[in-house]
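**Student:** Here it is: the structure, laid out below.
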Amino acid sequence: QQQVKQSPQSLIVQKGGISIINCAYENTAFDYFPWYQQFPGKGPALLIAIRPDVSEKKEGRFTISFNKSAKQFSLHIMDSQPGDSATYFCAASKGSARQLTFGSGTQLTVLP
Amino acid sequence: KAGVTQTPRYLIKTRGQQVTLSCSPISGHRSVSWYQQTPGQGLQFLFEYFSETQRNKGNFPGRFSGRQFSNSRSEMNVSTLELGDSALYLCASSLDPGAGELFFGEGSRLTVL
């Protein structure tokens, strides 16, 4: 049973545009929601993470919006750049465990 | 500060063989986790180790095993390899279980023929 559903599977955005990736989770025990960025041939790298006690967190051009009642969270990339072209994964975990449940990934392409 | 180091980076095995993958965490990190990444199943948690003890295990058959040494280095082993075990195996480390960011290595790409 997939516990974290991610959409879209792929996304093409023009340089300077806003990229939006959405995730929905089922397990209400999840209390840690990170986003990872992965370039080809590399391991995932943490971009930004949020806990359910806040509805939004911003770090530079990256913002997580969190809707606890809807069990949804999203990543917004403002002023998208060609260098942002990568695969993005949302994830969730509960308690103190680092057993992350990942979404299926979104391949982002930012056109110059 | 060196990142998470995984060896070997690439390897090819045949069905029925076994394989051992190695992971050296970031200096000072005591928790190591392993993930399997495939195009079909995505990123899936294998297991987590802390203080040489397995803390959590994902939904994988017993052919998948691991261990952690006193210096926090970790190994995972897959016995009786199957074609479906072809994947990128990622190791991640963190300071402590449940504390802070997970730092991933570049992975070991296993191909089973």
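**Student:** How many residues does region A:36-51 contain that are farther than 24 Å from residue B:109 by Cα and surrounded by 16 or more Cβ atoms within 10 Å (Cβ to Cβ)?
**Tutor:** Restricting attention to region A:36-51, the residues satisfying the condition of being farther than 24 Å from residue B:109 by Cα are A:48-51.
This time we only want the ones that are surrounded by 16 or more Cβ atoms within 10 Å (Cβ to Cβ), so: A:48-50.
Within region A:36-51, residues that are farther than 24 Å from residue B:109 by Cα and surrounded by 16 or more Cβ atoms within 10 Å (Cβ to Cβ) number 3.
**Student:** Taking residue A:3 as meeting all but one of (1) within 12 Å of chain B (Cβ to nearest Cβ); (2) touching a Leu at 6+ places or on another chain (Cβ under 8 Å), write down the number of the exception.
**Tutor:** Here residue A:3 meets the rest and fails (2).
**Student:** Among the residues of region B:10-20, are any at negative phi, within 13 Å of chain A (Cβ to nearest Cβ), touching a strand residue (DSSP E or B) at 6+ places or on another chain (Cβ under 8 Å) and part of a strand (DSSP E or B)?
**Tutor:** Looking only at region B:10-20, we keep the residues that are at negative phi, and these are B:10-15, B:17-20.
Cutting the leftovers down to within 13 Å of chain A (Cβ to nearest Cβ) gives us B:10.
When the remaining residues are screened for being touching a strand residue (DSSP E or B) at 6+ places or on another chain (Cβ under 8 Å), the result is B:10.
Those left that are additionally part of a strand (DSSP E or B): B:10.
Checked region B:10-20: at least one residue is at negative phi, within 13 Å of chain A (Cβ to nearest Cβ), touching a strand residue (DSSP E or B) at 6+ places or on another chain (Cβ under 8 Å) and part of a strand (DSSP E or B).
**Student:** While we're on this one: Is it the case that residue A:73 is buried (at least 20 other Cβ atoms within 10 Å of the Cβ), among the aromatic types (Phe, Trp, Tyr) and over 27 Å from residue B:49 (Cα atoms)? Outline the logic, then answer.
**Tutor:** Details: buried (at least 20 other Cβ atoms within 10 Å of the Cβ): yes; among the aromatic types (Phe, Trp, Tyr): yes; over 27 Å from residue B:49 (Cα atoms): yes.
Judged against the criteria, residue A:73 is a match.
**Student:** Something else now. All but one of (1) over 25 Å from residue A:88 (Cβ atoms); (2) hydroxyl-bearing (Ser, Thr, Tyr); (3) crowded, with 16+ Cβ neighbours inside 10 Å hold for residue B:35; state the number of the condition that does not hold.
**Tutor:** Every condition holds for residue B:35 apart from (1).
**Student:** Can you find a residue that is surrounded by fewer than 18 Cβ atoms within 10 Å (Cβ to Cβ) and modelled with pLDDT under 95 anywhere in region A:85-94?
**Tutor:** yes
**Student:** Can you tell which of A:61, A:51 is away from chain B (no Cβ under 11 Å), touching a helix residue (DSSP H, G or I) at 6+ places or on another chain (Cβ under 9 Å) and free of Cβ contacts under 8 Å to residues at least 24 places away in the same chain? Even if it seems obvious, please write down each step before you answer.
**Tutor:** Details: A:51 fails: touching a helix residue (DSSP H, G or I) at 6+ places or on another chain (Cβ under 9 Å).
The match here is A:61.
**Student:** If you scan region B:29-48, which residues turn out to be in a loop (DSSP other than H, G, I, E, B) and either in contact (Cβ under 8 Å) with a residue 60 or more places away in the chain or within 8 Å of chain A (Cβ to nearest Cβ) (or both)? Spell out how you get there, then give the answer.
**Tutor:** So the first thing to find is which residues in region B:29-48 are in a loop (DSSP other than H, G, I, E, B), and the list is B:29-30, B:39-41.
Passing the criteria: B:29, B:30.
**Student:** Looking only at residues that are among the β-branched types (Val, Ile, Thr) and surrounded by 14 or more Cβ atoms within 10 Å (Cβ to Cβ) in region A:1-35, which one is nearest to residue A:94 (Cα to Cα)? Give the derivation first.
**Tutor:** Going through region A:1-35, the residues among the β-branched types (Val, Ile, Thr) turn out to be A:4, A:12-13, A:18, A:20-21, A:28.
Right, trim to surrounded by 14 or more Cβ atoms within 10 Å (Cβ to Cβ) and you get A:4, A:13, A:20-21.
On the way: A:4: 13, A:13: 33, A:20: 25, A:21: 22 Å.
Going through the qualifying residues, I end up with A:4.
**Student:** Applying the selection to region B:57-99, what residues are under 24 Å from residue A:48 (Cα atoms) and either assigned to a strand (DSSP E or B) or more than 9 Å from every other protein chain (Cβ to nearest Cβ) (or both)?
**Tutor:** The answer is B:88, B:89, B:90, B:91, B:92, B:93, B:94, B:95, B:96, B:99.
**Student:** Where residues in region A:86-112 are among the polar types (S, T, N, Q), in a loop (DSSP other than H, G, I, E, B) and under 22 Å from residue B:103 (Cβ atoms), which of them is nearest to the other protein chains (Cβ to nearest Cβ)? I'd like the intermediate steps shown before the answer.
**Tutor:** Step one: filter region A:86-112 for residues among the polar types (S, T, N, Q), giving A:87, A:93, A:96, A:99, A:101, A:104, A:106-107, A:109.
Going one step further and asking which of them are in a loop (DSSP other than H, G, I, E, B), we end up with A:96, A:99, A:104.
Checking which are under 22 Å from residue B:103 (Cβ atoms) leaves us with A:96, A:99.
Working: A:96: 3, A:99: 5 Å.
Checked region A:86-112; the qualifying residue nearest to the other protein chains (Cβ to nearest Cβ) is A:96.
**Student:** Looking only at residues in region B:43-62 that are among the hydroxyl-bearing types (Ser, Thr, Tyr) and loosely packed, with under 13 Cβ neighbours inside 10 Å, which one is farthest from residue B:86 (Cα to Cα)?
**Tutor:** The first filter runs over region B:43-62 and keeps only residues among the hydroxyl-bearing types (Ser, Thr, Tyr), leaving B:49, B:51, B:53.
Next cut, loosely packed, with under 13 Cβ neighbours inside 10 Å only: B:51, B:53.
On the way: B:51: 29, B:53: 26 Å.
Checking each candidate, the answer is B:51.
The values are calculated or read from the model by the stated rules, or taken from the named source; none is laboratory data. For clarity, every value in this text was computed on a predicted model and none was experimentally measured. Don't worry about glycine lacking a Cβ; one is built from the backbone with ideal geometry, like all the others, and counts go over all protein chains shown.
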